[in-house]
């Protein structure tokens, strides 16, 4: 499916986000490098990573080929290691910008995550902590994260802006791998209470910065 100007802009935005999240990204891939089960279909972009690959299509509501997306999605059923994602370029389908959360809401969520970890629910607290991390980023760097972001991209931007210390950025980069594996179904990834507690400590430090957005 050919991209118009808006579709091209979406791909331009996706590429650095996926790369920051550890993917090798190939735009308009040749048939020789896409999996054989796709037949004649070529996605707009593929993103390759050890724990799973993505085939990405950008479509618009007035694109006649968009009606074929259900058929394309069926090609991926039962195919291990591949997921199909569609990004809509149509303005009518665009999601509204994400709202910055109040500092009180961030503190409340942080307290809930800490309680979960203290009660022995480290994995649940770990996932909530990533949501808090993005909320802090959206408040600390107003206007930079109005759309959903990959954790890797948030870390790199916050580090480059000096919001994260080099030590904090390195530690979070190491935790991203656990987050990605766990959130995609590897339930026995084994996040410990100590690791989650370390993450929560970083979030506590960042909360003070989130109180004074840039």
Filter pass, residue 157 being touching a strand residue (DSSP E or B) at 6+ places or on another chain (Cβ under 9 Å), surrounded by 15 or more Cβ atoms within 10 Å (Cβ to Cβ) and modelled with pLDDT under 90: no
Could you check, for the range 37-50, whether at least one of its residues is at pLDDT 85 or above and part of a helix (DSSP H, G or I)? yes
Please go through the range 129-146 and give me each residue that is surrounded by fewer than 20 Cβ atoms within 10 Å (Cβ to Cβ), touching a helix residue (DSSP H, G or I) at 6+ places or on another chain (Cβ under 8 Å) and either over 13 Å from residue 206 (Cβ atoms) or modelled with pLDDT of 95 or more (or both), ordered by number. 131, 144, 146
Is there any pair linking a residue in the range 2-22 that is modelled with pLDDT under 80 to one that is part of a helix (DSSP H, G or I), with Cβ under 7 Å and at least six apart or on different chains, and which? 3/11
For the range 67-85 the number of residues that are modelled with pLDDT of 90 or more and assigned to a helix (DSSP H, G or I) is 1
Looking at the range 172-191, is at least one residue assigned to a helix (DSSP H, G or I) and farther than 29 Å from residue 82 by Cα? no
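Matching residues to (1) assigned by TED's automatic domain parsing to the domain that holds residue 177; (2) more than 30 Å from residue 178 (Cβ to Cβ); (3) surrounded by 16 or more Cβ atoms within 10 Å (Cβ to Cβ):
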residue: 45; (1), (2), (3): no, no, yes
residue: 50; (1), (2), (3): no, no, no
residue: 60; (1), (2), (3): no, yes, yes
residue: 68; (1), (2), (3): no, yes, no
residue: 79; (1), (2), (3): no, no, no
residue: 84; (1), (2), (3): no, no, yes
Name the residue that is surrounded by the fewest Cβ atoms within 10 Å (Cβ to Cβ), counting only residues in the range 166-186 that are touching a helix residue (DSSP H, G or I) at 6+ places or on another chain (Cβ under 8 Å) and free of Cβ contacts under 8 Å to residues at least 24 places away in the same chain. 166
Members of the range 120-171 found to be in a loop (DSSP other than H, G, I, E, B) and under 14 Å from the mean Cα position of the chain (by Cα), listed by number: 145, 146, 147, 148, 149, 150
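The values are calculated or read from the model by the stated rules, or taken from the named source; none is laboratory data. Everything quoted here is computed from the prediction, not taken from an experiment. Note that we place each Cβ from the backbone using ideal geometry, even for glycine, and neighbour counts take in every protein chain shown.
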